[in-house]
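Undergrad: Here it is: the structure, laid out below.
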Amino acid sequence: MTLDPVQIKRVLEGLPGWQVEDGALVRGVPVAEDSREGFVEAIANASEDSPIPPEVHLQPDVVVLRIGDPAVGGVTPEDVELAAVIDQVIVGSARDQAS
């Protein structure tokens with residue numbers, strides 16, 4: 001089941017930093033070059049129970065995460081749950097970098 005536009009709008013209010021692009025949740029996360037490997041590993045660990053793991057694209061100064069199954073054609077509740085889990089990893093990573 002995919003979410004309708006009203007549901008997606010509500011979801012995005014609770015997931016700052018995420019947006020919808022081509023039927024998937026997408027977020028860019030600034031990550032220092034020397035922290036990228038650990039960050040990507042943490043994302044992989046957090047999403048290991050997900051049937052469709054997020055796509056991870058490394059770009060200069062940012063890691064772009066994309067959650068969604070192109071075959072489904074829209075954002076699902078499972079995508080939202082995974083985005084929330086990933087947000088917890090991001091918050092934890094930011095806290096670790098600050099200490």
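Undergrad: Just need a number here: residues in region 46-59 that are over 13 Å from the mean Cα position of the chain (by Cα) and in contact (Cβ under 8 Å) with a residue 12 or more places away in the chain.
TA: 3
Undergrad: Let me ask another. Would it be correct to say that Ala71 is within 27 Å of Lys9 (Cα to Cα), buried (at least 18 other Cβ atoms within 10 Å of the Cβ) and of a type outside the set (S, T, N, Q)?
TA: Working: within 27 Å of Lys9 (Cα to Cα): yes; buried (at least 18 other Cβ atoms within 10 Å of the Cβ): no; of a type outside the set (S, T, N, Q): yes.
Spelling it out, it is not the case that Ala71 is within 27 Å of Lys9 (Cα to Cα), buried (at least 18 other Cβ atoms within 10 Å of the Cβ) and of a type outside the set (S, T, N, Q).
Undergrad: Identify, by number, the condition in (1) surrounded by 12 or more Cβ atoms within 10 Å (Cβ to Cβ); (2) over 26 Å from Leu3 (Cβ atoms); (3) in contact with a helix residue (DSSP H, G or I) (Cβ under 8 Å, 6 or more places away or on another chain) that Ala32 doesn't meet.
TA: (1)
Undergrad: I'd like the full set of residues that are more than 15 Å from Ala24 (Cβ to Cβ), touching a residue at least 24 places away in the same chain (Cβ under 8 Å), part of a loop (DSSP other than H, G, I, E, B) and not acidic (Asp, Glu), limited to region 60-74. Spell out how you get there, then give the answer.
TA: We begin by selecting, within region 60-74, every residue more than 15 Å from Ala24 (Cβ to Cβ); these are 60-63.
Filter again for touching a residue at least 24 places away in the same chain (Cβ under 8 Å), leaving 61-63.
From what's left, part of a loop (DSSP other than H, G, I, E, B): 61.
Residues satisfying the conditions do not exist here.
Undergrad: Still on this structure: Out of (1) assigned to a helix (DSSP H, G or I); (2) small (Gly, Ala, Ser); (3) surrounded by fewer than 18 Cβ atoms within 10 Å (Cβ to Cβ), what's the single condition that is false for Ser50?
TA: Checking Ser50 against (1) assigned to a helix (DSSP H, G or I); (2) small (Gly, Ala, Ser); (3) surrounded by fewer than 18 Cβ atoms within 10 Å (Cβ to Cβ), the one that fails is (1).
Undergrad: Find all pairs meeting these conditions: Cβ atoms under 9 angstrom apart; at least six residues apart or on different chains; first residue within region 22-42 and in a helix (DSSP H, G or I); second residue surrounded by 15 or more Cβ atoms within 10 Å (Cβ to Cβ) and among the polar types (S, T, N, Q).
TA: Going by the 9 Å Cβ cut-off, the qualifying pairs are Ser35/Ser93; Gly38/Ser93; Phe39/Ser93; Ala42/Ser93.
Undergrad: So, Glu41, is that one more than 17 Å from Val91 (Cβ to Cβ), charged (D, E, K, R) and modelled with pLDDT of 95 or more or not?
TA: Criteria not met by Glu41.
The values are calculated or read from the model by the stated rules, or taken from the named source; none is laboratory data. The shown structure was predicted, so the numbers you read here are calculated from the model rather than taken from an experiment. So basically every Cβ, Gly included, is an ideal-geometry build from the backbone, and we count neighbours across all protein chains shown.
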